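The values are calculated or read from the model by the stated rules, or taken from the named source; none is laboratory data. Since we're looking at a predicted model, the values are computed, not measured. Here the Cβ positions follow ideal geometry from the backbone for every residue, glycine too, while neighbour counts run over all protein chains shown. Just the protein is used for accessible areas: all its heavy atoms, side chains included, with ligands, DNA and RNA removed. Shrake-Rupley method; radii C 1.70, N 1.55, O 1.52, S 1.80 Å.
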Amino acid sequence: MFPVRDFWRRHKKKILITASVIGSGYFLYKQYDYYSRRLQVIQRELDNEREADELIKAQIQAHFEHIQRIADTTTLPHAIQHLQTRIEEDLDLSHLTERLMMGKGQPNTLTLAEKLDLWENLKILSFTKMVISLWAITVLSLYIRVQVNILGRHMYVDTARGLGSSHLLEEAELVDRNDEQKFLAFSDFLSNYGLNTLIPRMQIAVAEVLKSKQLRDVFDTTTLRETTIRIIKIFMSTGRPHHWLDYLMPEDKQSSIRGTLSTDDDATVTNINKFDQLMMETRAVLLSAEFGNVVERSLEVGVNGLMEEMEGSVGGGGSSSTSGTPLARLVPRVSQMGPLLLEDPRKTRFIQMIRGIPEVEIFFTLLYANTVPAS
């Protein structure tokens with residue numbers, strides 16, 4: 001008994017210290033074990049979240065490629081076919097050529113003034129038809145690509161919300177299939193409505209440029225390129241800024257609606273305008289300076305492609321006075337270029353030329369990246 005007390009008395013301090021160290025060590029071990037387990041849970045959650053994000057990215061790409069295929073194989077070909085039909089109907093030149101041919105076969109049926117008037121109309125309408133076809137297919141193809149990118153953002157929201165992504169903005173606007181189809185159907189707005197105003201506006205620009213061009217004037221590819229570019233520039237710069245947007249889309253009714261509502265009505269606007277948001281986003285992109293630059297660059301490439309097609313008929317732009325073709329002989333070829341430009345985009349290289357422009361590809365890459373929330 002006494003030896004134990006004596007041992008305790010002599011080693012009490014060491015024993016207490018040892019017990020304290022052991023107790024502290026056990027406590028630290030339990031804490032370490034708890035935090036280790038907690039870290040493992042967090043790591044698994046992070047791994048699961050990364051896997052979900054990778055899945056979302058894969059779904060985004062799959063959705064985007066799917067709707068791009070729809071646009072390339074269905075939306076764009078249908079829109080261009082409809083556009084070609086309308087242009088052929090509204091700019092039918094057969095009545096002019098038939099009267100000229102009749103006058104040629106029966107010299108006394110037309111006076112000289114009537115012949116000159118018919119040739120003048122044929123000249124203006126032929127160039128109008130060619131330049132409208134060039135402008136329309138260029139801008140329409142870009143417009144449909146913007147639609148695809150805008151839809152890509154909403155597809156991201158749908159997919160991310162379905163997978164429960166923590167990065168999803170809950171207030172983001174969704175779009176159902178009916179709204180998607182309705183939105184894409186506006187690719188026909190140009191053919192159904194826009195041409196009614198576009199044709200006379202373009203005809204005015206053509207008449208302005210060609211008023212000094214006589215039928216006997218010799219055209220080479222350089223002259224034809226300069227003439228075509230000048231027509232496009234006058235058309236684009238005449239009128240209020242972005243007037244050409246009215247040919248592609250209906251007027252922006254959303255801004256007028258917002259102007260008549262108070263701040264308290266904002267929730268109502270959001271609830272009733274899921275489709276309108278798509279249109280608003282599209283309009284915002286088309287009004288941007290960046291898109292304006294893309295349109296300008298695409299039209300330049302389009303004119304160059306057109307000149308390549310016309311080169312055999314026009315002749316080179318050499319310094320020789322005999323190079324080139326009189327305008328009177330060039331007019332029939334000009335009138336034929338419209339239908340050639342509006343061929344099925346799956347069979348023509350014209351659309352591919354536009355898509356191959358580096359500035360265009362950079363624009364749409366950045367547009368898609370900016371409209372999809374960063375993960």
How many of the residues making up the range 74-128 are in a helix (DSSP H, G or I) and within 32 Å of the chain's Cα centre (by Cα)?
-> 22
Boolean, Lys233 is more than 30 Å from Pro250 (Cα to Cα) and free of Cβ contacts under 8 Å to residues at least 12 places away in the same chain = no
Looking across the range 324-355 at residues that are over 15 Å from Leu306 (Cβ atoms) and in a loop (DSSP other than H, G, I, E, B), the single one that is most open to solvent (accessible area, probe 1.4 Å) is Lys347
Only residues that are outside any helix (DSSP H, G or I), surrounded by 12 or more Cβ atoms within 10 Å (Cβ to Cβ) and modelled with pLDDT under 70: list them for the range 356-375, please.
-> Val372, Pro373, Ser375
(1) buried (at least 16 other Cβ atoms within 10 Å of the Cβ); (2) at pLDDT 95 or above all hold for Lys233 apart from (1)
Within the range 155-202, of all residues that are in contact with a Pro (Cβ under 8 Å, 6 or more places away or on another chain), closer than 30 Å to Val131 by Cβ and crowded, with 18+ Cβ neighbours inside 10 Å, the one modelled with the highest pLDDT is Phe189
Taking only the range 203-220 into account, find how many residues are open to solvent by 50 Å² or more (accessible area, probe 1.4 Å), under 32 Å from the mean Cα position of the chain (by Cα) and of a type in the set (A, V, I, L, M, F, W, C).
-> 1
Output for Cβ contacts, cut-off 6 Å, separation at least six or different chains, first residue over 19 Å from Glu296 (Cβ atoms) in the range 356-373, second open to solvent by less than 80 Å² (accessible area, probe 1.4 Å) and at pLDDT below 80, reads Tyr368/Gly152; Thr371/Arg153; Val372/Arg153; Val372/Tyr156
Taking the range 123-154 and keeping only residues that are open to solvent by 10 Å² or more (accessible area, probe 1.4 Å) and either among the hydrophobic types (A, V, I, L, M, F, W, C) or on the phi > 0 side of the Ramachandran plot (or both), one is left with Ile124, Leu125
When the residues of the range 72-112 are filtered to those that are free of Cβ contacts under 8 Å to residues at least 24 places away in the same chain and open to solvent by less than 70 Å² (accessible area, probe 1.4 Å), which remaining residue is nearest to Asp217 (Cα to Cα)?
-> Leu100
